[in-house]
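Student: The structure follows.
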Amino acid sequence: MFDLKKHMKANSIDHAIALLLENPDARLIAGGTDVLIKLRNGKPGFSELVDIHSLEELNFIQQDEKNNILIGSGVVFTDIIQSDIIKKHIPMLCDAVQSIGGPQIRNIATIGGNNCNGVTSADSASTLFALNAVLEIRGKGTTRQVPVSDFYLGPGKVDLKKGEILTTFKITPENYQGYFGYFYKYAMRNAMDIATIGCAVSLKTKKHIIEDYRIAYGVAGPVPMRCPKTEKSVINRKVSKSLLDEISQTIETDVSPRTSWRATKDFRMNIIKELSKRATKEALLRAGEEV
Amino acid sequence: MAIGKSVNRIDAIAKVTGRAEYTEDLYKPGMLVARYFRSSIAHGRVKNIDVEKAKVLEGVEAVFTFKDVPENKFATAGHPFSIDPDHQDVADRLLLTRDIRFMGDEIAIVVAQDEIIASKALQLIEISYDEYTPLILPEDILKKDARQIHKGSSNIVGEHQYSTRDLQVISGDVDDALEKADYVVEGNFETVMVQHCHLENHIAYAYMDDLDRIVIVSSTQIPHIVRRIVSEALNMPLSRVRVIKPFIGGGFGNKQDVVLEPMVAFLTLKLDGRAVQINLSREECMTGTRNRHPFHINVKTGVMKDGTMVARKMDAISITGGYASHGHAIAAAGGSKQSSLYPRMATKFHARTLYANIPVAGAMRAYGSPQVIYALECATEDAARKINMDSVEFRLKNIARQDDINLLSGKKILSCGLADCLLKGKAFMDWDKKKKEYEKCKSGPIRKGLGVACLSYTSGTYPVCVEIAGARISLNQDGTVHVMVGATEIGQGSDTIVAQMAAETLGLAYEHVRVVQTQDTDVSPFDTGAYASRQAYVVSNAVFRAAADLKKKILDHAGLMTGKKARDLNIINGKIVDTHTNAFLMDMKTLAIDSFYHKERGCQLTADVSHKTTTNAPVFGCTFVDITVDIPLCKIKINKIINVHDSGIILNPVQAGGQVHGGVFMGIGAALSEELMINPATGYIYNNNLLDYKFPTFMDLPQIHHDFVETFEPTSGYGNKSLGEPPVISPPPAIRNALLDATGVSINSLPISPHKLFTAFKKNGLMVSKGDADV
Ligand SMILES: Cc1cc2nc3c(=O)[nH]c(=O)nc-3n(C[C@H](O)[C@H](O)[C@H](O)COP(=O)(O)OP(=O)(O)OC[C@H]3O[C@@H](n4cnc5c(N)ncnc54)[C@H](O)[C@@H]3O)c2cc1C
């Protein structure tokens, strides 16, 4: 039994925005896999809902004329996994969302909800960070674009104002064409688990030189993060085994994991370092490099 | 012939179509719901409680606190009543309590029109406590001046020991034997609180069908025991309590305890017979019902250079939490297994069970044996390694054989296929070849190893408790039979097995035997319920006798009808046959119609047997496992695992396989990931939910293999022995032994989680994080 006060079904984006503005205490529900958990736990602020679940306007995966890949915020993970566009151009996103929950969760949970929930462990987030995804957000008569790295403001806090709704994730061609990536989720279980650490690597090589290198983590800090120092130290370097080792050393200076009862800082750091090597190695192998 | 066949479960279609009705599916118009107000501290006493605001909330029907319940302590363990007062369970529980003994203790209860109102009312209750330091670790609990969690208990619920010297079964004092041994290997082992995680949480409701009698519908493994304990808790005659058990979504021992039933009975009594339901949430179920006792065990093993184990001395501490529940019986049952598994050595087992300010422990699948045998089989491995002997060979030298005498019971072991189990498992794993192959995998970041562990278990509780089972079989007008048993189907498949047994003895087709699924203490024959893996073993003796009796009555009636002698007749495939001529005489329906409706001869043909089993057959088995250890990531991957069991004759291979797979699954969870994590300062449980309690998913399990060595056990109706609990026992020590084989690191506490591996690998210098070798 849920202590639901008000449930309002939106029939368009504009309608949803209007409902949010009319009901200042209401919030959006898409798949509900985060919202309903909080409602059940009696957390305040979740008992009035504007329902955008299965809103067609938010349900699309397409490539526009400029080759941008556009993913609607209402797309469920199963559809991402099965999308030919995603499989072909950014398979690492398939890896990432395949690791989420179980089949039932993936059938209903949306990529929009995953990121608007604002937690560091959101499994699609680190990949979107590595891809420099841009989020399109609509309000009453406004549209703005926010890079994913600016969207996360703090634990549970994202850059959404009253009456705003996230509509689209955009990945531009210069962020995926020629790139090879890998996502590694480390958790205590192989399904139905929250990441202890998530690591996404996306890179580009030319003649065994790493032309571009991006590494992003979930749970290595209060919000998902990129690792600028490490990235800088890797770009333009030759592929080698010792480079992997170096990465795992520099990475320590980029991240700030913490101790919780779920895992100690030491433990997380060990996993962060090890995953930097393993994810980079896998991405290099996908790029056709030998390591 | 129905025995030994994988007939479809009798309830399979009802379950997969969703038609099977569980307690939550049953509903009484106007039923109220009740929710407990639980303590937010682990140790203390209520100073003041104010429930007035809760009482006046609209939709609240009543609020009761510890002030409103009878001052009548009762015991909750689902044991048969013991005539011997010394063996009776510890009565230390009230319906609601002022003295707080664990975080989540039940102080008050709200009855409301729905659960949302009830939850809101709980938030309106005001409370203040006198707080005491929680007693959680054995050394604190046992301190001389430690507060008594239950007045007068000195925090020890029970203590016992047995030794071969006192029993005088084999000569020799254990200390002498240790003295004379070539080597003594010693280890300290620890197991943690784990939880059953049955799919269906605890749920029960009660109402009064007239103004005199209470009807309780409950998800329980023990309807007849519930009836007795409710009558004790409420001080009312047993015959005024009726307990109904619908379909059950698993119990694993957690429903072998009387948890909600006395409260719902109390509430309906107070509310003029209105129906009141308690339906626990998963979070409540994980800390507010029962869990597995954590153990601390010291084991000393004396071993000779030739591989003979000559002595074993064990000292165990078992922690029962805030209330006794099954009390010391767990440690006693667990400790007894050494003497059936390794019966030829000087032995001493000593154990104490302690109260602590943590959630209450009770019965859980295999009842103390997973803890004790984990310690024993780790210790056995350490002994084998001490003298450099192969782990399988070492066990073959020391394990029980048929005709050995069980040290503790003094009884001869009549069937024992353990050696064959080990040989089958060894062959399946290609043990010798793999051992060689893995010699190359003992360094670097990825290592491989093999492990083995044995188990022994019992087929019931005799002679500690009575073993009584009832069966009633009647012939229907259409020639089929209805069977009623007190054996309790809780998902394990007991009703199917009962139908197979009846069909076998009666000569009927399995499809012509209907087992009455719902149990109702007003009408079901007496049986103490589903626990101790007793059900198929104990009920077999009742069903066999009842079926044989009914068969005789059927043949007598056929004799009356045909003028032939009953002894010349038989039932074959549901037909009456003349055994001399092989002539078909009539089908069962013809006979049944005649027995019911002939105006002069016959009657309704039925048989009703209640039988006490006074034997207890030991069962045996083993686990073999092959693992890969990823050192930098601190993870164990199971490449291959098999359980091989001697459980006597296998009655239904598919169902038996299901029991083994489920058990191995739980064993792997206990070995690698499951633990209710407790804050040692406050007694707070961090992870009473299925996200943070790391119960494995299908993605975490390897393919599970199983095999059987079928011995014939002469003391049961159909040659069968127990199988329900044993499969859970041996996977954890086998996995620990494989880790030792792979890495040389022995981790002597469960679970072997990544966190624990990290600490152990670091301590042992295995975490070299430099070099590409780590990748
Ligand atoms: C059993 C289980 C397992 C899980 N496993 C994982 C896992 O492995 N990895 C993981 O990352 N997560 C996991 N989750 C969490 C959850 O499934 C994901 O975060 C999911 O993506 C949330 O999407 P949703 O559509 O269900 O969001 P909802 O619950 O509907 O919404 C989440 C939040 O986003 C807001 N929101 C939703 N859509 C929009 C929008 N278009 N614009 C603005 N705000 C919006 C809502 O208001 C709410 O605050 C799990 C959850 C469960 C219950």
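The values are calculated or read from the model by the stated rules, or taken from the named source; none is laboratory data. What you are looking at is a predicted structure, and each value in this text was computed from that prediction instead of being measured. Heads up, the Cβs are rebuilt from the backbone with ideal geometry, glycines too, and the neighbour counts pull from every protein chain shown. Each accessible area value is taken on the protein alone, full model and side chains, heavy atoms only, with ligands, DNA and RNA left out. Shrake-Rupley method; radii C 1.70, N 1.55, O 1.52, S 1.80 Å.
Student: For the stretch A:6-50, evaluate the Debye formula with one uniform point scatterer on each Cα (no solvent term) and list log10 I(q)/I(0) at q = 0.15, 0.33 Å⁻¹, rounded to two decimals.
Tutor: The Cα Debye sum returns log10 ratios of -0.34, -1.20.
Student: Another question, then. What residues in the stretch A:261-288 lose 20 Å² or more of accessible surface when the other protein chains are added to their chain alone (1.4 Å probe)?
Tutor: A:Trp261, A:Arg262, A:Asp266, A:Phe267, A:Asn270, A:Glu274, A:Lys277, A:Arg278, A:Lys281
Student: Restricting to the protein assembly as shown, compute how many DSSP beta bridges are antiparallel as a %, nearest 5. Write out the running numbers ahead of the final one.
Tutor: Values: 144 of 178 bridges.
Antiparallel: roughly 80 percent of the beta bridges in the protein assembly as shown.
Student: Provide the per residue accessible area, probe 1.4 Å, for the stretch B:468-612, rounded to a whole number of square angstrom.
Tutor: Details: 5760 Å² over 145 residues.
Heavy-atom SASA per residue in the stretch B:468-612 reads 40 Å².
Student: Ok, one more. In debye, nearest 20, what is the charge dipole magnitude of chain B about its Cα centre with +1 on Lys and Arg Cβ and -1 on Asp and Glu Cβ, if you could check?
Tutor: Values: 86 positive and 89 negative charges, 235 e Å.
Result for chain B is approximately 1120 debye, rounded to the nearest 20.
Student: Rounded to the nearest whole Å², what accessible area per residue is found for chain A with the 1.4 Å probe? Walk me through the intermediate numbers first.
Tutor: Working: 12570 Å² over 291 residues.
Accessible area per residue: 43 Å².
Student: Under 5 Å between amide hydrogens, which residues at least 5 positions from B:Ser749 or on another chain qualify, with H placed 1.01 Å from N in the peptide plane?
Tutor: B:Glu190
Student: May I pose another question? Among B:Val516, B:Ile136, B:Val709, which residue has its Cα positioned farthest towards the positive end of the charge dipole of chain B, with +1 placed on the Cβ of Lys and Arg, -1 on the Cβ of Asp and Glu, and the dipole taken about the Cα centre?
Tutor: Sorting the options by dipole projection puts first B:Val709.
Student: What is the percent of Cα-Cα separations in the stretch B:631-773 that go past 17 Å? Let's see the in-between values first.
Tutor: Numbers: 6823 of 10153 pairs.
Summing the P(r) tail past 17 Å for the stretch B:631-773 gives 67 percent.
Student: Taking H as built 1.01 Å from N, whose amide H comes closer than 5 Å to the amide H of B:Met193, not counting residues under 5 places away?
Tutor: B:Leu676
Student: Could you tell me the relative contact order of chain B? Use alpha-carbon pairs under 8 Å, at least six residues apart, and round to a whole percent.
Tutor: 15
Student: Over chain A, what is the mean sequence separation of C-alpha contacts under 8 Å (at least six apart), divided by residue count, expressed as relative contact order in percent? Please report the intermediate quantities before stating the final value.
Tutor: Values: 616 pairs, mean separation 43.2, N = 291.
Normalised by residue count, the contact order of chain A is 15 percent.
Student: Then there is this: For the stretch B:407-538, what is the convex hull (Cα atoms) projected area averaged across all directions, in square nanometres? Please report the intermediate quantities before stating the final value.
Tutor: On the way: hull surface 54.5 nm².
Projected area, direction-averaged: 13.6 nm².
Student: In whole percent, how big is the carbon plus sulfur part of the accessible area of the protein assembly as shown, probe 1.4 Å, protein atoms only?
Tutor: Carbon with sulfur: 51 percent of the solvent-accessible area.
Student: What does the charge count near B:Ile278 come to, summing +1 for each Lys or Arg and -1 for each Asp or Glu among other residues with Cβ under 15 Å from its Cβ?
Tutor: On the way: positive: B:Lys28, B:Arg35, B:Arg38, B:Lys255, B:Lys270, B:Arg274, B:Arg282; negative: B:Glu24, B:Glu61, B:Glu106, B:Asp114, B:Glu115, B:Glu200, B:Asp257, B:Glu261, B:Glu283, B:Glu284.
Once positives and negatives cancel, what remains is -3.
Student: Using only atoms on other chains, find how many Cβ atoms lie within 10 Å of each Cβ of peptide B:753-763 and report the average. Intermediate values should be presented prior to the final figure.
Tutor: Values: counts 1, 8, 7, 0, 1, 6, 3, 0, 1, 3, 0.
Mean partner-chain Cβ count within 10 Å for B:753-763: 3.
Student: About the Cα centre, and with charges only on the beta carbon of Lys, Arg (+1) and Asp, Glu (-1), how big is the dipole of chain A? Nearest 20 debye, please.
Tutor: On the way: 39 positive and 33 negative charges, 140 e Å.
It works out to roughly 680 debye.
Student: Show me, for the stretch A:221-236, the HN-Hα J-couplings you get by feeding each phi into the Karplus relation (A = 6.51, B = -1.76, C = 1.60, θ = phi - 60°), rounded to Hz, glycine and proline as x.
Tutor: Once θ is set to phi - 60°, the couplings for the stretch A:221-236 become x, x, 10, x, 8, 8, 10, x, 5, 5, 4, 4, 6, 9, 4, 6 Hz.
Student: Run lengths n ≥ 4 of DSSP H only: what is the helix-derived mean residue ellipticity at 222 nm for chain B, with -39500 (n - 2.57) per run over all residues, to the nearest 500?
Tutor: Helix contribution divided over all residues of chain B: -8500 deg cm²/dmol.
Student: How many partner chain Cβ atoms sit within 10 Å of a residue's Cβ in peptide B:633-643, on average, as a whole number?
Tutor: Values: counts 7, 5, 2, 0, 0, 0, 0, 0, 0, 0, 0.
Average neighbour count from other chains, rounded to a whole number: 1.
Student: May I ask for the distance between the Cα centers of the stretch B:563-606 and the stretch B:247-269, given as a whole number of Å?
Tutor: 45
Student: In whole Hz, with x marking every Gly and Pro, tabulate ³J(HN,Hα) for the stretch B:594-602 from phi via Karplus 6.51 cos²θ - 1.76 cosθ + 1.60, θ = phi - 60°.
Tutor: Residue by residue, the stretch B:594-602 yields 5, 5, 7, 10, 4, 6, 10, 9, x Hz.
Student: Does the stretch B:468-612 come out rounded, prolate or oblate, given a ≥ b ≥ c as the square roots of the eigenvalues of its C-alpha gyration tensor, rounded meaning a/c under 1.5 and, failing that, prolate meaning a/b above b/c? Let's see the in-between values first.
Tutor: Working: a/c = 2.32, a/b = 1.94, b/c = 1.20.
Prolate shape, in that a/c is at least 1.5 and a/b is the bigger ratio.
Student: Still on this structure, I have one more. Please label the shape of chain B as rounded, prolate or oblate, based on the square roots a ≥ b ≥ c of the eigenvalues of the alpha-carbon gyration tensor (a/c under 1.5 means rounded; beyond that, a/b larger than b/c means prolate, else oblate). Present the calculation step by step, with values, prior to reporting the outcome.
Tutor: Details: a/c = 1.81, a/b = 1.11, b/c = 1.63.
Since a/c reaches 1.5 but b/c is at least a/b, the shape of chain B is classed as oblate.
Student: State to the nearest 20 debye the size of the charge dipole of the stretch A:59-174 about its Cα centre, where the only charges are +1 on K and R beta carbons and -1 on D and E beta carbons. Don't jump to the answer; show the numbers that get you there.
Tutor: Values: 11 positive and 11 negative charges, 71 e Å.
Here the stretch A:59-174 has a charge dipole of around 340 debye.
Student: Considering Cα pairs under 8 angstrom that are at least six residues apart, work out the relative contact order of the stretch B:307-438 and quote it in whole percent.
Tutor: 27
Student: Sticking with this structure for a sec: Using only the alpha-carbon atoms of the protein assembly as shown, report the extent along each of the three principal axes, biggest first, to the nearest angstrom.
Tutor: Over the protein assembly as shown, Cα extents along the principal axes are 98, 75, 73 Å.
Student: Then there's this: Solvent-accessible area of B:Ile116, probe 1.4 Å, all protein chains present, reported in Å² to the nearest ten, please.
Tutor: 40
Student: Quick check: with the 1.4 Å probe, what order do A:Leu285, A:Leu70 take by accessible area, largest first?
Tutor: I get A:Leu285, A:Leu70, largest accessible area first.
Student: Now a separate question. At the nearest 100 Å², what buried accessible area, both sides summed, do you get for B and A when the probe is 1.4 Å? Let's see the in-between values first.
Tutor: Details: alone 30230 and 14060 Å², together 41320 Å².
Summing both sides, the interface buries roughly 3000 Å².
Student: Still on this structure: What does DSSP give for chain B in terms of the percent of beta bridges that are antiparallel, rounded to the nearest 5? Don't skip to the end; give the middle numbers.
Tutor: Details: 103 of 130 bridges.
The antiparallel proportion sits near 80 percent.
Student: Sticking with this one: Got a sec? What order do A:Lys185, B:Lys73, B:Lys440 fall in by accessible area at 1.4 Å, biggest, i.e. largest, first? List each step's numbers first, then the result.
Tutor: Numbers: A:Lys185 40, B:Lys73 110, B:Lys440 160 Å².
The ordering from most to least exposed comes out as B:Lys440, B:Lys73, A:Lys185.
Student: Determine the calculated [θ] at 222 nm for chain A from helices alone, applying -39500 (n - 2.57) to every DSSP H run no shorter than 4 residues and normalising by the residue count; nearest 500 deg cm²/dmol. Walk me through the intermediate numbers first.
Tutor: Numbers: 12 runs with 100 residues, N = 291.
After summing the helix terms and dividing by residue count, I get -9500 deg cm²/dmol.
Student: Can you give me the long-range amide H partners of B:Arg312? Hydrogens built in the peptide plane at 1.01 Å from N, cutoff under 5 Å, separation of 5 or more residues or another chain.
Tutor: Those lying under 5 Å, H to H, from B:Arg312 are B:Gly302, B:Ala346, B:Thr347, B:Lys348.
Student: Averaged per residue, what accessible surface does the stretch B:142-255 expose to a 1.4 Å probe, in Å²?
Tutor: Details: 4920 Å² over 114 residues.
Per-residue value: 43 Å².
Student: To continue, here is another question. Convert each backbone phi in the stretch B:226-236 into a coupling constant with the Karplus relation 6.51 cos²θ - 1.76 cosθ + 1.60 (shift: θ = phi - 60°), then list the ³J(HN,Hα) values in order as whole Hz, x for Gly and Pro.
Tutor: Values per residue, Gly and Pro as x: 4, 4, 5, 5, 4, 5, 6, 5, 9, 6, 10 Hz.
Student: Probe 1.4 Å, all protein chains in place: accessible area of B:Thr458 in Å², nearest 10?
Tutor: Surface open to solvent at B:Thr458 totals about 40 Å².
Student: Ordering A:Phe60, A:Phe169 from largest to smallest accessible area (1.4 angstrom probe), what's the sequence? The partial results should precede the final answer.
Tutor: Details: A:Phe60 50, A:Phe169 0 Å².
I get A:Phe60, A:Phe169, largest accessible area first.
Student: Once the whole set of protein chains is in place, how much accessible area is left on B:Ile704, using a 1.4 Å probe, in Å² to the nearest 10?
Tutor: Rounded to the nearest 10, that gives 20 Å².
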